[in-house]
1. Within the stretch 110-137, track down each residue that is closer than 21 Å to ILE179 by Cβ, in a helix (DSSP H, G or I) and hydroxyl-bearing (Ser, Thr, Tyr).
2. Would a scan of the stretch 198-215 turn up a residue that is open to solvent by 80 Å² or more (accessible area, probe 1.4 Å), of a type in the set (A, V, I, L, M) and farther than 20 Å from ASP100 by Cα?
3. If a residue has to be farther than 20 Å from HIS184 by Cα, touching a residue at least 40 places away in the same chain (Cβ under 8 Å) and hydrophobic (A, V, I, L, M, F, W, C) to count, how many in the stretch 105-159 make the cut?
4. Name the residue that is nearest to PRO101 (Cα to Cα), counting only residues in the stretch 224-249 that are among the β-branched types (Val, Ile, Thr) and open to solvent by less than 50 Å² (accessible area, probe 1.4 Å).
5. Based on this model, can you work out whether THR221 counts as modelled with pLDDT under 90, surrounded by 13 or more Cβ atoms within 10 Å (Cβ to Cβ) and part of a helix (DSSP H, G or I)?
6. How many residues does the stretch 94-109 contain that are within 15 Å of PRO194 (Cβ to Cβ) and in a loop (DSSP other than H, G, I, E, B)?
7. Of the residues in the stretch 1-44, how many are assigned to a strand (DSSP E or B) and of a type in the set (Asp, Glu)?
8. Do any residues in the stretch 187-216 that are closer than 16 Å to ASP153 by Cα have Cβ atoms under 7 Å from those of residues that are open to solvent by 70 Å² or more (accessible area, probe 1.4 Å) and not in a loop (DSSP other than H, G, I, E, B), where the two are at least six apart or on different chains, and which pairs are they?
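The values are calculated or read from the model by the stated rules, or taken from the named source; none is laboratory data. As the structure is a computational prediction, the values presented were derived from the model and not from experiment. Glycine also receives a Cβ, built like all others from the backbone with ideal geometry; neighbour counts cover every protein chain displayed. For accessibility, only protein heavy atoms count, side chains too; no ligands or nucleic acids. Shrake-Rupley method; radii C 1.70, N 1.55, O 1.52, S 1.80 Å.
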Amino acid sequence: MKLSLVIPVYNESENLPLLHEQILQALSPLADQTWELIFVDDGSTDQSPEVLEKLVQNDPTHTTALLLRRNFGQTAAIAAGIDHASGEVIILMDADMQNDPADIPRMLEMIDQGHDVVSGWRENRQDAFLTRVLPSRIANWLISTVTGVHLHDYGCTLKAYRREVLAGFRLYGEMHRFIPAYAHSVGARIVELPVRHHPRRFGKTKYGLTRTIKVLLDLITVKFLISYSNKPIYPFGGMGIVLILISMGILTFLLVRRVLFRTSVVDSPFFSSSLMVMILGFQSILLGLIAEMQVRTYHESQKKPTYTIRKQLKSAQEAGSIDAHSGHNL
Ligand code: UDP
Ligand code: MG
């Protein structure tokens, strides 16, 4: 089983040599041919590209580096690394030495035991409490509740994935943290593993509180795509029907009042608002229909199935099996 280690790098020149050494040490028990290390330089403005060049020259058996043309963001850098990875297992990790490569062998063991995703959990997180740990706790609770996939630490990059569960998942925005939720939606078996976490020694964090807002917006997108990308008419149409029912309820109330108390229907402010609600309801249903057409174009133009297969069982004569096809897509 081959392992690809993918590491996004943005201005981490001081960390890289030490990190590389740590990784070589942690993975030395593995046979040479069975692992590769892919650094993705995300348009660093410091010496990172030069440092990477040296690391690749010193360790050509395992190490490669992709240099992106500009800073595209951590998620895009990760996507580039995954696209170039050849392993059956892909492990993502930060370049800042806050994650510890010594946890990798344990993750591989758990993948071996049949799990599709091993999700690192920084049980003793070494970051500022108010600005990092607290917002992250709230975010983890929210993501867990909304997606129904309960993990302690979505934000921890150190996670291992069996390749098939990543296939067909395109990463946008800040979405790399939602990979486990997506993987769960295509039927992956997920397990959590407490991992070590160290304070940042060199360089500084690239993120502040603004990321929280992006993560929230991505959560809405991911929830929608996971739950409704096949049937957008359900949420839109459902909302439309509820709005139309509310509007009809108000109109009935006005009519009854007219009959019993001779109060004018048209003069009531409820009348115009109920009309507005009715129009909104129809609009919402129409939006759902348009989305339905889009979804068909999306799935059928790219031949994306709406289901996923874990394995096909065949008799001994017809050896070979079809591996998990990833179906519904983000
Ligand atoms: N990173 C990146 N592109 C960016 C920002 C960050 O590739 O635009 C990398 C960064 O070098 C590090 C990882 O993503 O390896 C996580 O970044 P950081 O440690 O700053 O985030 P934090 O751990 O503070 O959430
Ligand atoms: Mg970090």
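1. Result: SER136, single match.
2. yes
3. Of the residues in the stretch 105-159, 0 are farther than 20 Å from HIS184 by Cα, touching a residue at least 40 places away in the same chain (Cβ under 8 Å) and hydrophobic (A, V, I, L, M, F, W, C).
4. Taking the stretch 224-249 as the starting set, the residues that turn out to be among the β-branched types (Val, Ile, Thr) are 226, 233, 241-242, 244, 246.
Still in the running and open to solvent by less than 50 Å² (accessible area, probe 1.4 Å): 226, 233, 244.
Values: ILE226: 31, ILE233: 45, ILE244: 56 Å.
So the residue we want is ILE226.
5. Working: modelled with pLDDT under 90: no; surrounded by 13 or more Cβ atoms within 10 Å (Cβ to Cβ): yes; part of a helix (DSSP H, G or I): yes.
No.
6. Of the residues in the stretch 94-109, 3 are within 15 Å of PRO194 (Cβ to Cβ) and in a loop (DSSP other than H, G, I, E, B).
7. Step one: list which residues in the stretch 1-44 are assigned to a strand (DSSP E or B), which gives 3-9, 35-41.
Restricting the remaining residues to those that are of a type in the set (Asp, Glu) gives 36, 41.
Residues meeting the conditions: 2.
8. Hits for this filter: ILE190/HIS184; LEU193/ARG106.
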